[in-house]
1. Looking at 26, 3, which one is modelled with pLDDT under 95 and surrounded by 10 or more Cβ atoms within 10 Å (Cβ to Cβ)?
2. State all residues of segment 44-64 that are at pLDDT below 85 and open to solvent by less than 90 Å² (accessible area, probe 1.4 Å); if no residue qualifies, say none.
3. Starting from segment 5-26, take each residue that is at positive phi and list its partners that are open to solvent by less than 50 Å² (accessible area, probe 1.4 Å), counting only C-beta distances under 7 angstrom and pairs at least six apart or across chains.
Amino acid sequence: MARAALQMGVRELAEAANVSPTTITRLERGEALYPRTIQAIRYVLEAAGIEFVPENGGGAGVRLKKHEA
C-alpha cells in the first residue's frame, strides 16, 4: 500500500533501499526478510512521506504524512 500511495515502482523502491526488486516482491507477498532489510525499506518509505499506523483495532496500516503549510 505504501509503495502504491507514493506511485513508486518496485525497481525504484528497490534501488532507493539498496535491495533487489525480488526482495520488494517478497516483502509484498508477506515473506520473511531480515530485520535490517525491512528497516532499510521502511526508512525509504518514511523519507518519501509515508507514516506507518499501529494496530488500533482495525489493523495496522499506512498513510501519507500531512504536509504542514
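The values are calculated or read from the model by the stated rules, or taken from the named source; none is laboratory data. Please read these numbers as outputs of a predicted model, since none were measured by experiment. Every residue, glycine as well, gets a Cβ built from its backbone with ideal geometry; the counts of neighbours run over all protein chains shown. Areas reflect the complete protein model, heavy atoms only, side chains present, ligands, DNA and RNA absent. Shrake-Rupley method; radii C 1.70, N 1.55, O 1.52, S 1.80 Å.
1. Within the list 26, 3, the selection yields 3.
2. Matches in segment 44-64: 52, 53, 57, 58, 59, 60, 61, 62.
3. 18/40
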